[in-house]
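Single-structure report; data block below.
Just so you know, all these numbers are worked out from the coordinates, no wet-lab data involved. From a predicted model like this one, the values you see are computed outputs, not experimental measurements. Cβ atoms come from the backbone with ideal geometry, glycine included; neighbour counts cover every protein chain shown.
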Amino acid sequence: MKLTWKNKSNTRKRSLTAISSRSNLPFEVPGAGEVEDDSAYNRQDKEVNLEAVDRREDESSDCSSDLKRLAESFQAQGDRLAEDGKFREALGKWENALTLMPGNAVLHEQKAQVLLEVGEAWGALKAASRATDLDPSWAEAWITLGRAQLNFGEPDSAIESFDRALAIKPDSGDARGDRQTALHLIKRRKQLHSAGLSSTENRYLVRDKSKDSDIHEE
């Protein structure tokens, strides 16, 4: 909370000229000494204000450090849980960490991997997309996004993600292998599409034949 200090220079005062114009006053008008005193007060106000700002900045810095350490603790706990196969528990710890460090690309990418493990392709796709937004130069994030897109049934988009990864890391065997998988799925999809049309036609032919046989039997 930022403290607001009153500036004494804004306090309403009588004009020195107006006081001196009254010749019947039994005293002399104070001169520059009063102005100097006000200046001294102003300097004190500024010094106190600067001290307060410095103190608040130190407290804010300490608070940020504490939050970062807490987030890193949650992340480490999640890492251990994920390694032990406790994916739901790991997700809970990482969610806590992300609440404190929402801009951590690694956490989003790890979250995407675990969501893929538990079969939540849409959640994985969103988490991986966030990771690539935060760190577009990170090849592994693009690979994870491509895998999420594959699992979500978007092999065309997956190929684009794998290409982005290869542009950053040309020697990535994971990106190349997963890209081949995406190409295979696209090819397979085309084959199924063609086969589906043929099988549909065959189904209708079978039905027609059965109807003919029924009519013939009658």
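So which chymotrypsin sites (Phe, Trp or Tyr not before Pro) in segment 94-140 pass both tests, a DSSP loop state and at most 14 other Cβ atoms within 10 Å of the Cβ? It would help to have the intermediate numbers written out before the result.
Numbers: sites: 94, 122, 138; in loops: 138.
Here no loop site has a sparse enough neighbourhood.
What the phi angles of segment 145-157 give under the Karplus curve with 6.51, -1.76 and 1.60, with θ = phi - 60°, is a coupling list of 4, x, 5, 5, 5, 4, 5, 8, x, 10, x, 5, 5 Hz, glycine and proline written as x. A crude spin-label estimate for the pair residue 192 and residue 89, with each label 7 Å from Cα along the Cβ direction, gives 3.7 nm. Coupling constants for segment 95-102 follow from the phi torsions by the Karplus curve (6.51 cos²θ - 1.76 cosθ + 1.60, θ = phi - 60°), and in residue order they are 5, 4, 5, 5, 4, 8, 10, x Hz; glycine and proline get x.
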